[in-house]
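> Here's a structure for you.
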Amino acid sequence: MTDDGIERVLAKSTGEVLEQMFFVRALNEPNPSPPATESQLVAEVSFEGQPSGRLGLRVNAAAARSIAADFLGEDECSLSEGQVGEVICELANIICGSVLSSVESETTFRLKSPRLLSMPEEFAAEGAVVHSVTLDRGVLGVAFSAEKPICPLAV
Amino acid sequence: MAYRILIVDDSPAMRTFVRRILDLSGFEVSNCLQACNGLEALEILQREPIDAVLTDINMPVMDGEEFLRQIQNDERLRAVPIIVVSTDGTYNRIERLLALGARGYVIKPFRPETLRLELERTLEVRCD
């Protein structure tokens with residue numbers, strides 16, 4: 001599968017997950033980049049299977065808090081940092097599962113527990129395919145990498 | 001009629017979300033209990049009457065597959081409908097979990113009405 005093909009799967013999965021479960025619609029802006037001055041939350045989900053790999057997710061703090069509030073049905077101000085982080089981990093987990101459900105594999109993928117990373121530069125592994133979307137409150141990026149090339153499921 | 005639902009997921013955020021989605025979808029819940037893994041869910045099922053279980057697969061202590069095996073090995077619990085709610089939408093996984101006794105399967109991401117419809121189908125709720 002080409003990098004373009006992987007990015008299309010990433011874009012479809014990210015859009016569907018944000019819309020259906022987080023009640024967030026991505027804005028149609030080309031080449032979004034994260035705010036330079038704002039702190040970022042970075043989450044990672046590793047998976048084992050054929051092939052193994054990882055998905056990284058990066059989002060600025062304001063957008064992360066807004067996403068968490070929508071997901072939990074709570075007021076933004078009432079959320080702890082822990083709750084926001086947990087929701088962002090769940091978001092990464094669901095996007096990763098959705099992407100893996102769209103690719104061919106002879107084995108069942110096993111997702112490890114998602115975790116927050118303290119170093120924003122660890123967002124994307126070397127050679128990862130990155131897809132970013134603009135949200136009302138910032139930018140969300142996902143980076144997907146696998147040990148071997150992957151193929152989309154024939155529909 | 002309102003139903004007693006057990007939500008099993010190691011993520012507190014996901015449990016909160018599913019509970020919220022049940023409300024948003026219009027599915028009537030009289031009592032909603034929560035467990036963070038299969039073992040805790042089994043303990044609740046031993047002491048509480050539950051109409052349906054919504055369970056994740058990947059959980060520590062006891063995962064969704066082992067939870068389903070334990071349910072099927074227990075005559076008193078076998079009749080409780082289990083619906084898997086998972087990010088894993090691969091054919092192999094769905095087939096295996098249905099073979100283990102899952103009555104329904106909802107793939108994340110899902111819309112609120114999808115969860116409601118799967119519960120209604122599993123519980124054979126009539127919508128007049």
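> Filter segment A:103-152 down to residues that are at pLDDT 85 or above and among the polar types (S, T, N, Q) and give me whichever is farthest from residue B:106 (Cα to Cα).
Only one residue tops the list, namely A:118.
> Please determine whether any residue of segment A:39-60 is in contact with a Leu (Cβ under 9 Å, 6 or more places away or on another chain), of a type in the set (Ser, Thr, Tyr), at negative phi and outside any loop (DSSP other than H, G, I, E, B).
Yes, there is a match, as at least one residue in segment A:39-60 is in contact with a Leu (Cβ under 9 Å, 6 or more places away or on another chain), of a type in the set (Ser, Thr, Tyr), at negative phi and outside any loop (DSSP other than H, G, I, E, B).
> OK, next. Being free of Cβ contacts under 8 Å to residues at least 12 places away in the same chain and in a loop (DSSP other than H, G, I, E, B) is the filter here; which residues of segment B:77-109 pass it?
Of everything in segment B:77-109, those that are free of Cβ contacts under 8 Å to residues at least 12 places away in the same chain and in a loop (DSSP other than H, G, I, E, B) turn out to be B:79, B:90, B:109.
> Go through (1) more than 17 Å from residue A:94 (Cα to Cα); (2) part of a helix (DSSP H, G or I); (3) not β-branched (Val, Ile, Thr) and name the single condition residue B:32 misses.
(2)
> Tally the residues that are crowded, with 24+ Cβ neighbours inside 10 Å, within 14 Å of chain A (Cβ to nearest Cβ) and either free of Cβ contacts under 8 Å to residues at least 12 places away in the same chain or not in a loop (DSSP other than H, G, I, E, B) (or both), restricting the search to segment B:51-69.
1
> With B:118, B:113, B:48, B:40 as the choices, which residue is touching a residue at least 24 places away in the same chain (Cβ under 8 Å) and crowded, with 20+ Cβ neighbours inside 10 Å? Before you say what the answer is, go through the steps one by one.
Working: B:113 fails: crowded, with 20+ Cβ neighbours inside 10 Å; B:48 fails: crowded, with 20+ Cβ neighbours inside 10 Å; B:40 fails: crowded, with 20+ Cβ neighbours inside 10 Å.
So the residue among B:118, B:113, B:48, B:40 that is touching a residue at least 24 places away in the same chain (Cβ under 8 Å) and crowded, with 20+ Cβ neighbours inside 10 Å is B:118.
> Determine whether residue A:76 is acidic (Asp, Glu), more than 9 Å from chain B (Cβ to nearest Cβ) and in contact with a Ser or Thr (Cβ under 7 Å, 6 or more places away or on another chain). Quick ask: steps written out before the conclusion?
Values: acidic (Asp, Glu): yes; more than 9 Å from chain B (Cβ to nearest Cβ): yes; in contact with a Ser or Thr (Cβ under 7 Å, 6 or more places away or on another chain): yes.
Spelling it out, residue A:76 is indeed acidic (Asp, Glu), more than 9 Å from chain B (Cβ to nearest Cβ) and in contact with a Ser or Thr (Cβ under 7 Å, 6 or more places away or on another chain).
> Just checking, how many residues over segment A:81-97 are surrounded by fewer than 23 Cβ atoms within 10 Å (Cβ to Cβ) and either facing another protein chain (nearest Cβ under 10 Å) or in contact with a strand residue (DSSP E or B) (Cβ under 9 Å, 6 or more places away or on another chain) (or both)? Spell out how you get there, then give the answer.
Of all residues in segment A:81-97, those surrounded by fewer than 23 Cβ atoms within 10 Å (Cβ to Cβ) come to A:81-83, A:85, A:89.
Retained after the next criterion (residues that are either facing another protein chain (nearest Cβ under 10 Å) or in contact with a strand residue (DSSP E or B) (Cβ under 9 Å, 6 or more places away or on another chain) (or both)): A:82-83, A:85, A:89.
Total meeting the criteria: 4.
> Does residue A:77 fit the bill of being over 14 Å from the mean Cα position of the chain (by Cα) and not in a loop (DSSP other than H, G, I, E, B)?
Against the criterion (over 14 Å from the mean Cα position of the chain (by Cα) and not in a loop (DSSP other than H, G, I, E, B)), residue A:77 qualifies.
> Given the conditions (1) at pLDDT 95 or above; (2) buried (at least 20 other Cβ atoms within 10 Å of the Cβ); (3) not β-branched (Val, Ile, Thr), report the number of the one that residue B:88 does not fulfil.
(1)
> When residue B:36 is evaluated against the numbered criteria (1) modelled with pLDDT of 95 or more; (2) farther than 20 Å from residue A:82 by Cβ, which criterion, by number, is the only one it fails?
(2)
> Also, quick follow-up: Would you check which residues across segment B:1-34 are within 14 Å of another protein chain (Cβ to nearest Cβ) and among the basic types (Lys, Arg) and list them?
B:15, B:19, B:20
> Being within 14 Å of the chain's Cα centre (by Cα), farther than 17 Å from residue A:131 by Cα, buried (at least 19 other Cβ atoms within 10 Å of the Cβ) and of a type in the set (Phe, Trp, Tyr): is that true of residue A:71 here?
On the way: within 14 Å of the chain's Cα centre (by Cα): no; farther than 17 Å from residue A:131 by Cα: yes; buried (at least 19 other Cβ atoms within 10 Å of the Cβ): yes; of a type in the set (Phe, Trp, Tyr): yes.
No: the conditions fail for residue A:71.
The values are calculated or read from the model by the stated rules, or taken from the named source; none is laboratory data. Remember, predicted model here, so these are calculated numbers, not experimental data. FYI the Cβ positions are ideal-geometry reconstructions off the backbone, even for glycines, and counts take in every protein chain you see.
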